[in-house]
Structures are given as C-alpha cells and as structure tokens.
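To start, the structure itself, in structure tokens.
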Amino acid sequence: MAEYLGLTVDIPANDPDHIEYLQGAGEGRLVLQRCSDCNLLRYPPGPACPYCQSLEREWEEVSGRGTIYSYEIVTQAINPAYRELVPYAVVLVELDEQRGVPDEHEALRVISSLVDGDGAPEAEENVAIGARVEAEFADLGDGLGLPRFRLSDETPEHELWQFPS
Amino acid sequence: MATDERTIRGKVAIAGLAETTYYKRGQATDPEFKMALQAIIAAAGDAGIDVTEIDGFASYSNDRNDPVRLATALGLPQLKLSNMFWGGGGGGGSGAVANAAAAIVAGYADTVVVYRSLAQGQFGRFGQGSGANVARGAGAFTSPYGLMSPAQSFAMRVRRFMHDHGTEQAALRAISLASYQHAQHNPRAVMHGRELTEEIYDNSRWIVEPFHLFDCCMENDGAAAVILTSAERARDLKQTPAYVLAAMQGSDYRQGATAHNAPDYATSNFKTVAPRLYEHAGITPGDVDVLQSYENFTGGVLMSIVEHGFCEPDEANELFTLEHLSAPDGKLPLNTSGGNLAECYMHGLELIIEAARQVRGESTSQVHDANISMVGSGPMVQPVSDLVLARDLG
Ligand SMILES: [Zn+2]
C-alpha cells in the first residue's frame, strides 16, 4: 500500500485520472492531461475537458516550474499525522505552461506543499506570492509519488508579497 | 426588470418565523429532530396558522431531518413538497427560500416551511474537515498537502484578494466588531454579554492567517424555521408580511473549490448570481436598507459585499469600518442580530429570520424604516444564494 506521513494513500480503483497522475509523479515527472480534441492542458486531472467537453485525453510531462499565486501557513493541523509538520506552507502554484490561455483569467494552478531541500516544510519567512518554485516528488511506494514544490533560484517576475503580520 | 411571468417578485412572503433557544455546541438538551419540530411549530404559531396547514418543506446543507419524517411526526394531512438544496455550508439558505417560493408560485404547495436543525454535539462537527484518508473524494488533490478544513481552504482565496486589492486586516475586524456589537442588543445571541473590542480581536489567536478566532463562525446547537405562503394569504395572517422580491442561486464558471483551480480564484462566487438577483428584484445596491451576509469567515463577507456592488474592491478599507456597518445609522448595517459570528451558527437561517424581523420592525438592532432587506448565503462555497425581502411592494 502506498503511504504518505504514515497514512494510507486511499484512491478508488475506478479513479484512473488520479492514479495515473500519481504514477507520473512516482517516475519523477509532473504530468497533466492534454485534451486530444482542443489540445489544451487542464488541472486537476479528470475525465472531461472543461474547454470542449471531450472525454479523450493523453498525459504529458510539464516543466514543473511556476510561481506562487497564493499561500498560507498552517499552524493547527487537522489530521494528527500533520501535527509534527506545523507550521507548514500550503501553496497554490501557477505553472508556467498555458498561462492566460484560453482567456486571461485561466492558468494551471496546482495546490501543493512548499518544502526545503530535505523535504521538510519551507520556513515561513521564505514563502511569498510571486516566488519562483519547481516541482519535486515524495515517494509514496507502490510506484506512486506526490508532487511537491521547492523554491527555485530564478528571479521573480514581480516584487514578492507576504501577508503583513 | 425581468418579465413578470418569469419572476417570483412580490408573489410570496415570509409569514412566520421562529427559533429554539440557541446553544453552544453540545449543550442542547433536546434531540436535533425534536428541536426541528419545536422551531416549525413555533413558526406556525408566529404566523397564526395551524401546523397542519404546512404542506411543504425546503432545507439545505444535507439537513438530517427529512420532510417525510417531520410530516409524519406532525400528522400533516399531505406532503406536497420535499426539497433539498445541494451543496454544503450555508450556500443554500436563501436557495431553500427560493425553492420554497418557486413551489408556491408554481402551485406545487401552499404553505412551505424552510428549516434547519443542527445539534453538532449529537452528530459530527462542521469545519473540522476530514482526517482519515489522504487522497480520496473531494479533497483528493488538497488533503495530502495538509489542506483540510474550511478555514484553511478559504484563507488562500482571501489572501489572494487582499494581495490584489490591498485589503487591510482592519476591514475584516470591522465585520467581526459589528456582529458582536449587534449581539449585545440581542438576548437570543450566544455571545450576548460577551463584548468584543479591537484589542481582544487583535490579541486573539490565529486560526489561519488572515483569520483570527473572531473571524470564524461559531459552532452551535439549535433549530430555526420560516413559513412561506402566497403574498395574498400572508396579508390575512397575524404578522407584517416580508415579501420576497427575489431569490437567486448559482455558481460561477468552474468554481468547484476543492482543487483551487477556478480561473477566477479570489472570489466569493457571487459575480453571476448578484446581477440576476438585482434584475429580478428590480433594485440596485443603493436601495438596500440592511444586509445580512453569511459569515463562514469575515474575508468571505467582505468579498461577497464587494461582488454585490456595495463598493469597489479597492475601496473596501473605507467602507468596512464599525461605524459604517453598525445599526441603526451606519451606511450599510450588517448582520444586525450578530449572525453566525455572535448570534448563532444556524447555518445562516438566523440571517434570513433577522432580515424578516427588520422588515417587520422587530429587530433588536432595528434600522429605521427598513424596507429593502437583503441576505447573502454562503460566500466562497458552491453554489451560493441570495434573497431580497421588502415591506412595501412599491
Ligand atoms: Zn478539449
């Protein structure tokens, strides 16, 4: 059984969209679905294309590079398995691929953890909207992986923004 | 205004309302089902009708007390409407009223009760999120990252809004202060006698930034009900009718929240619902005398009020002050019973009751001459809903 933080990764067998996403991560690749009809990438993985309603798609590796669009620092864990990790950063990462397509508001935005080089939660003072990040992968066992992100050394496009506290 | 044939404008009214005693979570002494019956019976009494005249039920948020069970317990001669609004949280409060009103206009039923009963101590708690599995169901793409509770989920949206529009914490604080101030006049309020100051707010713990403890709804036990009937019949009953000018429900483009991938992210999800509401009601934001806006978290209230056109996103710091949000004289008297933050977390049905009380002139924080009384249900959830009540049909 695949596990993360000691918890069973429990995915229904009839959810191939989700399983294949984590199988890609198990191979160290961030993969998204590309619609076979209108050719657009989408996130989250799912059975239908939200742009043209096609049910045909294939998987494609993306760069794993992006920018933090929003974030928060969790200080009170809900699940006991996460209590050892607090405070930890949850980030919404806007991937570099397909920004502003098919219209200006659209982007591939992925919820994830922001971790440091050792896979531990990144320190709060380093988390900011606008920071550049890149994907890394936690091994879940059973050929599955979990995409996470870490700060990259790229120059941000805009000034960084942090919650004023 | 939309054509008369396709709106419920002025055709239905809230004729009766009631609530049980409101309790802190786990303190209700009666079972949840019995509290539902208490509220329904009391609402019928308030309207001045016999309980057996009720022939329809509408609720939301997966209320556990289903209509057949209620109708059977009450010995109702016949059940004509059994309606549930899909979606969690408080997004369906006004939507349940919308469904009840539509059923009355359509002739499906004549006297419909909208109700909510909630004994969180007897069942599970809302707001706790799930903990058991890490990758199943609605949270499949979020829970592995430790994003599990509604507070954690919504904080990300609010933070992005604050980034985009320079919104300050003081604007969120003003919402909380107004609710607590109004609750001090309301003996029903769970937080009656518990004053909130800027200092207490500022020193309270973070649940998750930007939400202090006092930015988050309470957890409570209780039940509430409103009786809807045709405007014509309501005029012959005991109370001043609170006419339904419009009620609307819906969700914007791809707002399914769980994976946080909505193209328009920093939104309360009212951008398409609010314009349809105003069109059907035949009013503009400037006509609204008093507003009840569902508080799961204050940030959602702020975004919702912006999306209902009461101010521009970048003007929120100016509008959201205690002075402006206070009854009776504020620019936009808000949550005048104390609402989910300080009266009772009745999943927003207490907001609908308060909106009707304002129309009837019976609020404990009465806005002078209140005519147009509005409710927004469920910011940041999917779907959401809205309601406009009026004293005069104009
Ligand atoms: Zn497509």
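Starting from 0.36 nm per residue, how many nanometres of slack lie between residue B:72 and residue B:203 once their C-alpha separation is accounted for?
42.1 nm
Test of understanding: express the Cα radius of gyration of segment A:10-151 as a ratio to 2.2 N^0.38 Å, with N the residue count.
1.08
So what's the angle, to the nearest 10 degrees on a 0 to 90 scale, between helix B:93-106 and the longest Cα principal axis of chain B?
Result, in degrees: 30.
Bins of 10 Å, beginning at zero and ending with the bin holding the largest distance: percent of Cα pairs per bin for segment B:301-385, please.
Going out from 0 Å in 10 Å bins, segment B:301-385 shows 17, 49, 33, 2 percent.
Can you pull the three principal axis extents for the Cα set of chain B, in Å, largest first?
The principal-axis extents, from largest down, are 53, 47, 43 Å.
Sticking with the crude label model, points 7 Å out along Cα→Cβ, report the distance from residue B:323 to residue A:27 in nm, one decimal please.
According to this spin-label approximation, the distance is 6.4 nm.
Quick check: residue separation of residue A:105 and residue A:85 times 0.36 nm, minus the Cα distance between them. What number comes out in nm?
3.9 nm
Counting only other chains, and only Cβ atoms inside 10 Å, what mean value do you get across the residues of B:342-349?
Mean partner shielding for this stretch: 0.
If the elastic network links every pair of Cα atoms under 10 Å, which of A:99, A:150, A:109 fluctuates the most in the Gaussian network model of chain A?
It is A:99.
Mind scanning B:34/B:80; B:34/B:238; B:24/B:271; B:80/B:271 and naming the pairs with a C-alpha gap bigger than 28 Å?
B:24/B:271; B:80/B:271
If packing is taken as the average count of other Cβ atoms within 10 Å, what order do B:295-305, B:266-276 fall into, highest mean first?
Descending packing order for the listed peptides: B:295-305, B:266-276.
Taking every residue in A:73-86, how many Cβ atoms of other protein chains lie within 10 Å of its Cβ, on average?
Going residue by residue through A:73-86 and averaging, the value is 5.
Which value in nm describes the separation of the simple spin-label points at residue B:369 and residue A:58, placed 7 Å from the Cα toward the beta carbon?
7.0
Which whole-number percent is the relative contact order of segment B:280-394 (Cα, under 8 Å, 6+ apart)?
Relative contact order, segment B:280-394: 31 percent.
Could you give me the radius of gyration and the Dmax of the protein assembly as shown, taking only the C-alpha atoms into account and expressing both in angstrom?
24.0, 73
What is the percent of Cα-Cα separations in segment B:240-309 that go past 17 Å?
Percent of Cα pairs beyond 17 Å in segment B:240-309: 50.
Give the distance, in whole Å, between the Cα centre of segment B:210-279 and the Cα centre of segment B:87-104.
8
Given the Cα-Cα distance of residue A:116 and residue A:162 and 0.36 nm per residue of separation, how much length would full extension add, in nm?
Gain in length upon complete extension: 14.7 nm.
Would you kindly compute the Cα radius of gyration of segment B:1-106 and its largest Cα-Cα separation (Dmax), both in Å?
Both quantities, over Cα of segment B:1-106: 14.9, 49 Å.
So for each of B:350-357, B:171-178, A:132-139 I average, over its residues, the number of other beta carbons within 10 Å; can you give me the resulting order with the highest mean first?
In decreasing order of mean packing, B:350-357, B:171-178, A:132-139 become B:350-357, B:171-178, A:132-139.
When DSSP beta bridges are limited to those with both residues in chain B, what percentage is antiparallel, rounded to the nearest 5?
Given both bridge residues lie in chain B, the antiparallel proportion sits at roughly 75 percent.
Assign one of three labels to segment B:237-394, namely rounded, prolate or oblate, based on the Cα gyration tensor with a ≥ b ≥ c the square roots of its eigenvalues; rounded applies when a/c is under 1.5, prolate when it is not and a/b is larger than b/c, and oblate otherwise.
Prolate is the answer for segment B:237-394, as a/c is 1.5 or above and a/b outweighs b/c.
Can you give the mean number of other chain Cβ atoms that lie within 10 Å of the Cβ atoms in peptide B:263-271?
Per-residue shielding by partner chains comes out at 2.
Any read-out appearing in this document is the output of simple, stated calculations on the displayed coordinates, not a laboratory observation. Being a predicted model, the structure only gives us computed values, none of them experimental. Methodologically, a virtual Cβ is constructed for each residue, glycine included, from the backbone with ideal geometry; neighbour enumeration extends over all protein chains shown.
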